[in-house]
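This report refers to the structure that appears directly beneath it.
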Amino acid sequence: MKVPMLDLVGQYQTLRDEIMAEMNDIFNKQAFVLGARVKKIEEEMARLAGVPYGIGVSSGTDALLLAVMALDIQPGDEIITTPYSFFATAGSIVRAGAKPVFADVDPDTFNMNLDHSASLISKKTKALLPVHLFGQMIEPKPWQSLAEKHNLTLIEDAAQAVGASRNGVVAGGLGDIACFSFYPTKNLGGAGDSGMVLTKHAHLEKNIRENRVHGGHDRYYHDRVGINGRMDEIQAAVLVAKFKHLNAWNKRRRSLAALYDQSLRNLPVQTPVAAKDAYHTYHQYVIKAPRRDELMQFLRSKEIGCDVYYPVPLHLQKCFEFLGYRKGQLPVSEALAKETLALPISAELTEAQIDYVAGMISEFYARS
Ligand SMILES: *Cc1c(COP(=O)(O)O)cnc(C)c1O
């Protein structure tokens, strides 16, 4: 049985007519960049998170870059973040001229460790930039308190957590700024690259909206140097069409995750640890597995998609050598890079496919 990591082709079948009608309209009018559809998805996302402002941008990476750019970074300014994330989390900090300082992660949730983060705060610290990894939010209250206590900006990297919540707080509604990605493989994905910045603060909204179009306040009048970070109507149309289904899709992911939890519980793997107060949306279903690389080869030989997120923690990336980190310094992240494996999950997969994956994992450990 073939089991892809996620089934975007299956998802598209149910939305084809609606999306194609929108494409027709966009192409007939030839109005492609920023417009009514972008405005609509900005409003939907802001409403979802319960914040006043949404700014549609060109990618999750640019959302992060614009967020950090809005902080008026001076040379030497530091931002505390996680090494166990997609590259863009730290990449954007460096591109905006700040220095990433890495805090290790929790061995169960894989999210950034609060106590370690607190211990790294110095006079140079400007912001905290945690990630809601794999669809599970960080704990809202203690993170908010930590940011407030030290007068730091809290930026959520919510790229993997659209529709997730924790203790009544929706992803994007926690920090001063939140960044989303609509890369096609995300829980809400477009037809190419796009992203969203949410914020509660009018001055940040103004800064980010201006920097999205080269930092001009009026056309051709620039007080700052911004970027070309605009969202296009093609992306927005696809996102508006899919947004209506987001809740149902996330629910379905949760029920497939529960099925995995059940089927894998007697095997020598650790299934994802979801906090009691977390509405985990399983952007990825990631297990810790002994002999991870062998298991991955075995599953792939059975036509089961699986992947490693992430094989190299960010503090050990070659491009960040200048930061001076050494192997062994962030042991939890380094161990996870060797142990974790993401299994197929998406709303379109069937129970039979999940059973098949679990059965093959069981066979792998029974044989050897
Ligand atoms: C996907 C992702 C990004 C980057 O988003 P793009 O739209 O691909 O630029 C940033 N951070 C995390 C945690 C992500 O998963």
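No value in this document is a laboratory result; all are computed from the given coordinates. All values derive from a computational prediction rather than experimental measurement. Every residue, glycine among them, receives a Cβ derived from its backbone with ideal geometry; neighbour counts consider all protein chains shown.
What nm value, rounded to one decimal, do you get for the distance between Glu43 and Arg265 when each label is placed 7 Å out toward the C-beta?
4.6
Lysines within cross-link reach of Lys338: Cα-Cα under 23 Å, excluding same-chain residues under 8 positions apart?
In chain and number order, the partners are Lys288, Lys302, Lys318, Lys327.
How big is the gap, in Å, between the Cα center of segment 216-284 and the Cα center of segment 74-116?
For segment 216-284 versus segment 74-116, the Cα centre distance is 20 Å.
How many Å³ per residue does the convex hull of the Cα positions in segment 143-270 occupy?
Hull volume over Cα atoms, normalised by residue count, gives 166 Å³.
Which one, Met69, Met1, Val105, projects farthest toward the positive side of the charge dipole computed for segment 1-128 from Cβ point charges (K/R +1, D/E -1)?
Projecting each Cα onto the dipole axis, the largest value belongs to Met69.
Short version: ³J(HN,Hα) in whole Hz for each residue of segment 61-71, in order, from phi by Karplus 6.51 cos²θ - 1.76 cosθ + 1.60 (θ = phi - 60°), x for Gly and Pro, what are they?
Those phi angles translate into 4, 5, 4, 5, 4, 5, 5, 5, 4, 6, 8 Hz.
How much net charge surrounds Glu78 when only other residues with a Cβ under 11 Å from its Cβ are counted (Lys, Arg +1; Asp, Glu -1)? Numbers along the way, then the final one.
Details: positive: Lys99, Lys123, Lys124, Lys126; negative: Asp77.
Summing Lys and Arg as +1 and Asp and Glu as -1 gives +3.
If you place +1 on the Cβ of every Lys and Arg, -1 on the Cβ of every Asp and Glu, and leave all else neutral, what size is the dipole of the chain about its Cα centre, to the nearest 20 Debye? Walk me through the numbers on the way to the answer.
Numbers: 41 positive and 41 negative charges, 35 e Å.
That gives a dipole near 160 debye.
In whole angstrom, how long is each semi-axis of the equivalent ellipsoid of the chain, when you take the square root of 5 times every eigenvalue of its Cα gyration tensor and sort them from largest down? Spell out each step's value before the answer.
Values: eigenvalues 214, 152, 58 Å².
Largest first, the chain gives 33, 28, 17 Å.
What lysines could a cross-link reach from Lys206, if we take a straight Cα to Cα line under 16 Å and drop same-chain neighbours fewer than 8 places away?
Lys39
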